[in-house]
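Notes follow the structure.
The values are calculated or read from the model by the stated rules, or taken from the named source; none is laboratory data. As the structure is a computational prediction, the values presented were derived from the model and not from experiment. Backbone-built Cβ (ideal geometry, glycine too); neighbour counts: all protein chains shown.
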Amino acid sequence: MTNNYDLIIVGAGIMASSLAYNLYKDGYTGKIALFEKDNKYEYSSTPRSEGGIRQTFSTEVNIRMSQYSYQVYKKFEEEMAFDGENAQINFNENGYLYLLDKKSMPIFEDILKTQEKLGVKTKFMNQRETQSFFPEINVEDLVGSVFDPEAGNADPYSVLQAYIRKIREYGISFIYEEVETILTERNKAIGIQTTNGDKYFAPIVVNAAGPWSGDLSAKIGLEIPVKPLRRQLFSIDTQLKFQNEIPFTFDPTGLHFRSERSKVVVGWANDVPYGYNFHLEKSFFEEEIWPVLAARSSHFEQLKLENGWTGLYDYNYIDQNAIIGGHPDMGGYFIVSGFSGHGFQHAPAAGKALSELIRLGKFETMDVSSLSVERFKTNELVIETAVY
Ligand SMILES: Cc1cc2nc3c(=O)[nH]c(=O)nc-3n(C[C@H](O)[C@H](O)[C@H](O)COP(=O)(O)OP(=O)(O)OC[C@H]3O[C@@H](n4cnc5c(N)ncnc54)[C@H](O)[C@@H]3O)c2cc1C
């Protein structure tokens, strides 16, 4: 068995898969291997994601990534057809709805200006229009809302599986081993070593280890600001049913809810310490979330908490945005991580952009250079107001 590759990717979640897929599609002919420690993806972020896809960001780089990725997700099922059958990713384009009070309105006024300039179709609805759009909610405290129609949610596990099927078909290797560390020589990445001591060599190593990427990078003394941060989602069944499917709706408190078939999925990013913690706190739903939901709509007064799940954000604790690019202090070492709560929706764009950087040494389709690793040194942070 040869342990020599042209490119090694640590992790085989959605970032790694999208990168491998784009490299191959764009004509890269080198030998690629993906290393994955969790062959059932039990704890990986991707299958635990809520699958939200939206255009509503405040920075140009995130909007461009959304626009690119949205177009990919629109055609994804055909593009990922396998054995003559389309992939199935259940992309429900129910939109995103942001309920706005006096405090959140000015932030959205700025977002709307940027969105309009960049051709995003978000639109403002006043209080009355919001009420007729969503009759079951209480709008008393709201000045209105913003609706993002080119948005919704898709099934992250199906998207991941579709990418994996394709890249396997292309002959890219999957090695189900845990990477202990990245091997380096004179400030260059030269490969990886697995926890069972095996060494694999490649002049390019990509860290796509999601919530684990910060710890992996720290092993070679290169800190990247990514830590695991637990998020919780709850599935509820309301006694009174809503007239229409609920779009991915953000309350001014930050709480969000949307329809998932006949149920409603609810989440709220609470303050928790960093760590690999997967514990679901039902009391958080009962004590904190439920009263806020019930205040928003009497339909939430009678409900049954059916189940819930947790997952880890690959949380960028400095500016909550992606990190895409080569590390300035280590030749051949690339990073694609730190997406916090918007990695699923930006994975198609991230894979495309990094594929270009690796193959061509520059970004062509969209300029994501502001998401570089260097920004933390130069303090040119990406300040995005629409992160959750
Ligand atoms: C609850 C929740 C809700 C979310 N909702 C949304 C949403 O609505 N919209 C959105 O866009 N994003 C959302 N996200 C964020 C999104 O899911 C992530 O940003 C994205 O999935 C990250 O993909 P990844 O491939 O980097 O990470 P992962 O899917 O975690 O993949 C990384 C892989 O690397 C493997 N790995 C790690 N270390 C090693 C090692 N040393 N050796 C070998 N393998 C290793 C892991 O096992 C893992 O499979 C959500 C996340 C969570 C947790």
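Among the residues of segment 291-300, the one identified as more than 17 Å from Phe242 (Cα to Cα) and surrounded by 15 or more Cβ atoms within 10 Å (Cβ to Cβ) is Val292.
Do we find a residue being closer than 30 Å to Thr249 by Cα and charged (D, E, K, R) anywhere in segment 326-341? No.
Which residue is farthest from Phe344 (Cα to Cα), if the candidates are limited to segment 208-217 and must be near the ligand (Cβ under 9 Å from one of its atoms) and touching a residue at least 40 places away in the same chain (Cβ under 8 Å)? Only one residue tops the list, namely Leu216. Here Leu183 meets each of (1) surrounded by 15 or more Cβ atoms within 10 Å (Cβ to Cβ); (2) touching a residue at least 60 places away in the same chain (Cβ under 8 Å); (3) over 30 Å from Phe82 (Cβ atoms) with one exception, condition (2). Looking only at residues of segment 218-240 that are within 16 Å of Tyr313 (Cα to Cα) and in contact with a Lys or Arg (Cβ under 9 Å, 6 or more places away or on another chain), we find that the one that is nearest to the ligand (Cβ to nearest atom) is Arg231.
Just to be sure, is Gln243 in contact (Cβ under 8 Å) with a residue 40 or more places away in the chain, within 16 Å of the ligand (Cβ to nearest atom) and either assigned to a strand (DSSP E or B) or more than 19 Å from Val387 (Cβ to Cβ) (or both)? For Gln243, the condition - in contact (Cβ under 8 Å) with a residue 40 or more places away in the chain, within 16 Å of the ligand (Cβ to nearest atom) and either assigned to a strand (DSSP E or B) or more than 19 Å from Val387 (Cβ to Cβ) (or both) - is not met. Filtered by the rule that a residue be within 13 Å of the ligand (Cβ to nearest atom) and under 16 Å from Thr249 (Cα atoms), segment 68-93 gives a lone residue, Asn92.
Listed here are the residues, each with its yes/no results for (1) buried (at least 19 other Cβ atoms within 10 Å of the Cβ); (2) in contact with a Gly (Cβ under 8 Å, 6 or more places away or on another chain).
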residue: Ala322; (1), (2): yes, yes
residue: Pro328; (1), (2): no, no
residue: Phe334; (1), (2): yes, yes
residue: Phe339; (1), (2): yes, no
residue: Pro348; (1), (2): yes, no
residue: Gly351; (1), (2): yes, no
residue: Arg359; (1), (2): no, yes
residue: Phe363; (1), (2): no, no
residue: Leu371; (1), (2): yes, yes
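I need the full set of residues from segment 48-72 which are in contact with a Pro (Cβ under 7 Å, 6 or more places away or on another chain) and farther than 15 Å from Phe339 by Cα, in order please. Listed by number, the residues that qualify are Tyr68, Val72. Filtered by the rule that a residue be among the basic types (Lys, Arg), crowded, with 17+ Cβ neighbours inside 10 Å and within 11 Å of the ligand (Cβ to nearest atom), segment 35-67 gives Lys37, Arg48, Arg54. Quick check on Phe57: is it at pLDDT below 95 and either assigned by TED's automatic domain parsing to the domain that holds Lys123 or not charged (D, E, K, R) (or both)? Against the criterion (at pLDDT below 95 and either assigned by TED's automatic domain parsing to the domain that holds Lys123 or not charged (D, E, K, R) (or both)), Phe57 does not qualify. Here segment 1-34 is the region considered, the condition is being over 20 Å from the mean Cα position of the chain (by Cα) and within 14 Å of the ligand (Cβ to nearest atom), and the residue that is surrounded by the most Cβ atoms within 10 Å (Cβ to Cβ) is Ile8.
Quick grid of which residues meet (1) on the phi < 0 side of the Ramachandran plot; (2) free of Cβ contacts under 8 Å to residues at least 24 places away in the same chain; (3) within 14 Å of the ligand (Cβ to nearest atom):
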{"position": "Pro149", "(1), (2), (3)": "yes, no, no"}
{"position": "Ile164", "(1), (2), (3)": "yes, no, yes"}
{"position": "Glu169", "(1), (2), (3)": "yes, no, no"}
{"position": "Ser173", "(1), (2), (3)": "yes, no, yes"}
{"position": "Glu177", "(1), (2), (3)": "yes, no, yes"}
{"position": "Asn187", "(1), (2), (3)": "no, no, no"}
{"position": "Gly191", "(1), (2), (3)": "no, no, yes"}
{"position": "Val205", "(1), (2), (3)": "yes, no, yes"}
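Residues of segment 302-343 that are more than 19 Å from the chain's Cα centre (by Cα) and more than 14 Å from Val266 (Cα to Cα): Gln302, Gly326, His327, Pro328, Asp329, Met330, Gly331, Gly332, Tyr333. Does Lys40 satisfy the criteria of being at pLDDT 95 or above and part of a loop (DSSP other than H, G, I, E, B)? When the stated conditions are applied, Lys40 passes them. Residues of segment 326-353 that are touching an Asp or Glu at 6+ places or on another chain (Cβ under 8 Å) and small (Gly, Ala, Ser): Ser337, Gly338, Ser340, Gly343. Candidates are the residues of segment 233-245 that are under 27 Å from Gln55 (Cα atoms) and more than 21 Å from the chain's Cα centre (by Cα); the one that is surrounded by the fewest Cβ atoms within 10 Å (Cβ to Cβ) is Gln243. Exactly one residue among Asp215, Asp148 is in contact with a Lys or Arg (Cβ under 9 Å, 6 or more places away or on another chain), modelled with pLDDT of 95 or more and not assigned by TED's automatic domain parsing to the domain that holds Ser45, and that residue is Asp148. Where residues in segment 246-262 are away from the ligand (no atom under 16 Å from the Cβ) and at negative phi, which of them is surrounded by the fewest Cβ atoms within 10 Å (Cβ to Cβ)? Among them, the one singled out is Ser262.
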